[in-house]
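Peer 1: Sharing a structure, written as structure tokens. Questions coming.
The values are calculated or read from the model by the stated rules, or taken from the named source; none is laboratory data. If you're wondering where the values come from, they're calculated on a predicted model, not measured in any experiment. Here the Cβ positions follow ideal geometry from the backbone for every residue, glycine too, while neighbour counts run over all protein chains shown. Note: areas computed on protein heavy atoms with side chains; ligands, DNA, RNA excluded. Shrake-Rupley method; radii C 1.70, N 1.55, O 1.52, S 1.80 Å.
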Amino acid sequence: MSTLEDIVLAVVDDVAPFVGQGKVADYIPALACVSPERFGIAVSTIDGRCITAGDADERFSIQSMSKVLTLTLALESRAAALWTRVGKEPSGDPFNSLFQLEFERGIPRNPLINAGAIVVADCLVSDCADPRESVRSFVSYLAGATVDFDIAVATSELETGNRNAALAHLMRGFGNLENPVDRVLDTYFHQCSLAMSCRELATTFGYLAAGGTVPGGGKRIVSTERARRINALMLTCGTYDRAGEFAFEVGLPAKSGVGGGIVAVVPGKGAIAVWSPALGPSGNSVAGVEALRRFVVRTGWSVF
């Protein structure tokens, strides 16, 4: 019977032909220079093991994977009131769609697309004395390591994030932002710029695998019910307009980012983080999706 270590190494071999397929997110200038030929994987189990391979200890910009973590923070202060400002439905449209937001009068379809995450960032600006530091320190605690912003990436996004600014101004026009757009976007772009490795990401998302508690008898982060609901949002909304196909192929709650990372949660077992910067049309890592699919085939881990 194959060990988890054997399976991880086999997945690396499986996905080698897919590494480099796709295109890096060159619309963010600081990400344009990242080599598409990188691949890392880490599996962190709730009993404290962490199995890694490839470039699993190289830090990269986590981008939209941060949306799950800021959502966790905002739910602690806003609870059910958050859902009056952002929905829980899959978007079916690109993650930065203006059309959908206009049609739905400034209420984002879910918190894991850009508009929804900007609303979540707005909540943190209102509720935290220093929202950027609140996010950074929270993620560092979960990762068990000091995590920081990649200032070059944050600056790059601030200088070129015109579409996100348009989303924010549109929501502000509909009365769905409490704070000035520039303050909200500063928090949002910095959270996206957090630099983490696969090992750190798999460790960080362990609380969603362990019913809301840091694995190994650590602090309770959220209730078991809230962990289950965050996982449900990841399953239905976490991979943009490919969420249905991803659920069909992989069958795990997951969140991707245009930095090339994807983190998937297996309730009761652990979390898997993969990284390969070249993206497919929906903004998900081509090799990363394939790695998770192969991992599930080899382990049988699934929520279905």
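Peer 1: Provide a single number: the residues in the range 1-10 that are β-branched (Val, Ile, Thr), farther than 24 Å from ALA195 by Cβ and open to solvent by less than 30 Å² (accessible area, probe 1.4 Å).
Peer 2: Final tally of qualifying residues: 1.
Peer 1: For ARG109, indicate whether it is farther than 23 Å from ASP150 by Cβ and surrounded by 19 or more Cβ atoms within 10 Å (Cβ to Cβ).
Peer 2: yes
Peer 1: What number of residues within the range 67-87 are among the basic types (Lys, Arg) and within 16 Å of the chain's Cα centre (by Cα)? So that I can check it myself, show each step before the final result.
Peer 2: So in the range 67-87, the residues among the basic types (Lys, Arg) come out as 67, 78, 85.
Checking which are within 16 Å of the chain's Cα centre (by Cα) leaves us with 67.
Counting residues in the range 67-87 that are among the basic types (Lys, Arg) and within 16 Å of the chain's Cα centre (by Cα) gives 1.
Peer 1: Mind checking which residues of the range 15-33 are at negative phi, open to solvent by less than 50 Å² (accessible area, probe 1.4 Å) and either in contact with a Leu (Cβ under 6 Å, 6 or more places away or on another chain) or assigned to a loop (DSSP other than H, G, I, E, B) (or both)?
Peer 2: Once the filter is applied, which keeps residues that are at negative phi, open to solvent by less than 50 Å² (accessible area, probe 1.4 Å) and either in contact with a Leu (Cβ under 6 Å, 6 or more places away or on another chain) or assigned to a loop (DSSP other than H, G, I, E, B) (or both), the range 15-33 yields VAL19, VAL24, ALA25, ILE28.
Peer 1: Next question. Any residue at all in the range 205-220 that's buried (at least 20 other Cβ atoms within 10 Å of the Cβ), free of Cβ contacts under 8 Å to residues at least 60 places away in the same chain and assigned to a helix (DSSP H, G or I)?
Peer 2: Within the range 205-220, not a single residue is buried (at least 20 other Cβ atoms within 10 Å of the Cβ), free of Cβ contacts under 8 Å to residues at least 60 places away in the same chain and assigned to a helix (DSSP H, G or I).
Peer 1: Now for a separate question. Could you tell me how many of the residues in the range 259-304 are crowded, with 24+ Cβ neighbours inside 10 Å and among the aromatic types (Phe, Trp, Tyr)?
Peer 2: Going through the range 259-304 one residue at a time, the tally reaches 2.
Peer 1: Kindly provide the set of residues from the range 43-80 that are over 16 Å from ALA202 (Cα atoms), in contact with a Pro (Cβ under 7 Å, 6 or more places away or on another chain) and open to solvent by 10 Å² or more (accessible area, probe 1.4 Å), ordered by number.
Peer 2: Residues satisfying the conditions do not exist here.
Peer 1: Being within 10 Å of the chain's Cα centre (by Cα) and not in a strand (DSSP E or B) is the filter; apply it to the range 239-258 and report the residue that is surrounded by the most Cβ atoms within 10 Å (Cβ to Cβ).
Peer 2: THR239
Peer 1: Need a quick list: helices (runs of 4 or more DSSP H) entirely within the range 64-170 having at least 3 residues that are touching a Cys at 6+ places or on another chain (Cβ under 7 Å). Working first, answer last.
Peer 2: Details: elements: 66-78, 98-103, 114-127, 131-143, 151-160.
Fully inside the range 64-170 and qualifying: 66-78.
Peer 1: Please go through the range 81-99 and pick out each residue that is open to solvent by less than 60 Å² (accessible area, probe 1.4 Å) and free of Cβ contacts under 8 Å to residues at least 60 places away in the same chain.
Peer 2: ALA81, LEU82, VAL86, GLY87, SER97
Peer 1: Shifting gears a bit: Among (1) of a type in the set (Val, Ile, Thr); (2) under 19 Å from the mean Cα position of the chain (by Cα); (3) in a helix (DSSP H, G or I), where does VAL12 come up short?
Peer 2: Here VAL12 meets the rest and fails (2).
Peer 1: Starting from the range 158-170, keep only residues that are hydroxyl-bearing (Ser, Thr, Tyr), then list their pairs with residues that are not in a helix (DSSP H, G or I) whose Cβ atoms are within a distance under 8 Å, requiring at least 6 positions of separation or different chains.
Peer 2: THR160/TYR27; THR160/ILE28
Peer 1: Give me the residue from the range 180-201 that is more than 16 Å from the chain's Cα centre (by Cα) and without any contact (Cβ under 8 Å) to a residue 40 or more places away in the chain and, out of that set, surrounded by the fewest Cβ atoms within 10 Å (Cβ to Cβ).
Peer 2: That would be ASP182.
Peer 1: If you go through the range 112-131 one residue at a time, how many are open to solvent by 20 Å² or more (accessible area, probe 1.4 Å) and either within 17 Å of the chain's Cα centre (by Cα) or closer than 21 Å to LEU233 by Cβ (or both)?
Peer 2: 1
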